[in-house]
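The values are calculated or read from the model by the stated rules, or taken from the named source; none is laboratory data. Being a predicted model, the structure only gives us computed values, none of them experimental. When we count neighbours, we look across all protein chains shown, and the Cβ atoms used for this are built from the backbone with ideal geometry, even at glycine.
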Amino acid sequence: MVKFHGTTILCVQKDGITAIGGDGQVSMGNTILKHSAKKIRKIESKNIVAGFAGSTADAMTLFQLFEKKVEQFRGNLSRAAVELAQDWRTDRMLRRLEALMIVADPKEAYIISGTGDVVASDDGILAIGSGGNFALAAARALKKHSNLDAKTIVEESLKIAADICVYTNNHLTIEVIKE
């Protein structure tokens with residue numbers, strides 16, 4: 001079975017600003033199927049943003065479920081994240097979904113996985129996907145050694161990841177939310 005390959009999603013929190021961005025490439029095997037997929041979604045009414053990596057249909061299903069959890073728990077990001085992870089891990093059909101998510105509001109950010117993990121970062125930087133480690137390393141260096149804002153750190157780090165990872169491109173979508 002040929003798998004769809006990933007993406008790169010990066011979240012940076014700095015000075016009360018949360019920026020989350022992702023590239024637009026969708027690949028199957030060694031073929032690029034799409035250059036401009038949008039893998040970042042905003043829940044406007046709650047000032048929450050989410051990015052996903054993995055199977056597109058699975059990720060969209062998870063985003064819809066996450067949005068319901070956010071509404072159910074009145075915008076409480078940590079509670080919604082934990083409840084989604086619990087459902088994802090225990091529900092027979094959801095367990096088969098192949099994706100990861102980063103969810104964030106102006107104060108918190110988490111990676112959510114199907115194994116029940118809900119992980120916050122120590123430094124305000126999270127990354128997932130095939131180019132995630134490249135973007136993470138670049139973002140950590142830029143945050144520590146520059147005066148760039150969160151959005152610019154995300155943009156520059158994703159460009160660096162795109163120069164290294166064959167499953168990541170330079171067609172970026174970046175969302176910014178503020179306190």
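Annotations
- Lone qualifier among LEU172, LEU148 - being without any contact (Cβ under 8 Å) to a residue 60 or more places away in the chain and either in contact with a helix residue (DSSP H, G or I) (Cβ under 8 Å, 6 or more places away or on another chain) or within 22 Å of ASN47 (Cβ to Cβ) (or both): LEU148
- Residue in segment 134-145 that is farther than 17 Å from GLU108 by Cα and modelled with pLDDT under 95 present: no
- Residue in segment 9-28 that is farther than 15 Å from ILE174 by Cα, surrounded by 14 or more Cβ atoms within 10 Å (Cβ to Cβ), modelled with pLDDT under 90 and not basic (Lys, Arg) present: yes
- Annotation: GLY6 fulfils all but one of (1) closer than 24 Å to VAL154 by Cβ; (2) surrounded by fewer than 18 Cβ atoms within 10 Å (Cβ to Cβ); (3) at pLDDT below 85; (4) not hydroxyl-bearing (Ser, Thr, Tyr); the unmet one is (2).
- Residues in segment 75-97 include at least one that is closer than 22 Å to ASP23 by Cα and either touching a residue at least 12 places away in the same chain (Cβ under 8 Å) or surrounded by 19 or more Cβ atoms within 10 Å (Cβ to Cβ) (or both).
- Scanning segment 50-73 for residues that are farther than 15 Å from SER27 by Cα, touching a Leu at 6+ places or on another chain (Cβ under 9 Å) and of a type in the set (S, T, N, Q) returns a single hit, THR61.
- As for segment 23-35, it holds at least one residue that is within 26 Å of ARG96 (Cβ to Cβ) and among the basic types (Lys, Arg).
- Of all residues in segment 44-68, those satisfying the criterion of being modelled with pLDDT of 90 or more, buried (at least 21 other Cβ atoms within 10 Å of the Cβ) and not aromatic (Phe, Trp, Tyr) are ILE48, VAL49, ALA50, GLY51.
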